[in-house]
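The values are calculated or read from the model by the stated rules, or taken from the named source; none is laboratory data. In this text, all values refer to a predicted model and were calculated from it rather than measured experimentally. Cβ placement follows ideal geometry from the backbone for every residue including glycine, while neighbour counts extend to all protein chains displayed. Only protein heavy atoms, including side chains, enter the accessible area calculation; ligands, DNA and RNA are left aside. Shrake-Rupley method; radii C 1.70, N 1.55, O 1.52, S 1.80 Å.
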Amino acid sequence: MAVKPYDPENIFAKILRGDIPCSKVFEDDHVLAFNDIAPQAPTHVLVIPKGPYTSYDDFATHASDAEIIAYTRAIGKISAAAGVNEDGYRLIANTREHGRQDVPHLHVHILGGEKLPLMLPKA
Ligand code: AMP
């Protein structure tokens, strides 16, 4: 089955266009980060590239070196700014159907602020 093309009406595209608000924690030329609207841990930040990438594999294949460097560095900066580096945190990038991705714009979840449950409980 073919991978779906980018949907410019997804909710994170609307946030990037300023059509709906977000609780912003970081922004630069290539990256926006904001608090998750339904946090699953005391710290739950979503980090998205500004470009139209559906998933990490799409981003890794099609983004420019500048976008990839900015995104990687932003995740490092945001985890430090959120104060979760010392005790630790989890990065998650749910991808398409099997990964249970709801919003089809690449986003990494940064989760921390408490000891998290083990990975992959049965849902
Ligand atoms: P995923 O299941 O990995 O696609 O995660 C999508 C995440 O986006 C979920 O954790 C939602 O709570 C979050 N979310 C959906 N809409 C918004 C919004 N308007 N602002 C912030 N987070 C959102």
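Taking +1 at the Cβ of each Lys and Arg and -1 at the Cβ of each Asp and Glu, which of Ala38, Ala80, Gly18 sits farthest along the dipole of segment 1-92 towards its positive end, judged by Cα position relative to the Cα centre?
Going by the charge dipole, the pick is Ala38.
How long, wide and thick is segment 39-123, going by the Cα atoms along their three principal axes, in whole angstroms, largest first?
35, 31, 16
In segment 53-102, what GluC sites (Glu not before Pro) fall in a loop by DSSP, with at most 13 other Cβ atoms inside 10 Å?
On the way: sites: Glu67, Glu86, Glu97; in loops: Glu86, Glu97.
Here the GluC sites (Glu not before Pro) that fit, given the DSSP loop and packing criteria, are Glu86, Glu97.
Using the alpha carbons of segment 1-89, what is the convex hull volume per residue in cubic angstrom, as a whole number?
Considering the Cα atoms of segment 1-89, their hull volume per residue is 122 Å³.
Please report, in debye to the nearest 20, how large the charge dipole of segment 11-112 is about its Cα centre when each Lys and Arg carries +1 at its beta carbon and each Asp and Glu carries -1 there.
Values: 9 positive and 13 negative charges, 34 e Å.
Rounded to the nearest 20 debye, it is 160 debye.
Give the lysines reachable from Lys4 as a straight Cα distance under 20 Å; neighbours fewer than 8 places away on the same chain don't count.
By straight Cα distance, Lys4 reaches Lys14, Lys50.
Which peptide among 6-18, 46-58, 105-117 comes first, and what is the full order, when sorted by highest mean count of other Cβ atoms within 10 Å?
Numbers: 6-18: 14.5, 46-58: 20.0, 105-117: 18.0.
Final packing ranking: 46-58, 105-117, 6-18.
Under a 1.4 Å probe, what is the accessible area of the chain per residue, stated in Å²?
I get 65 Å² per residue for the chain.
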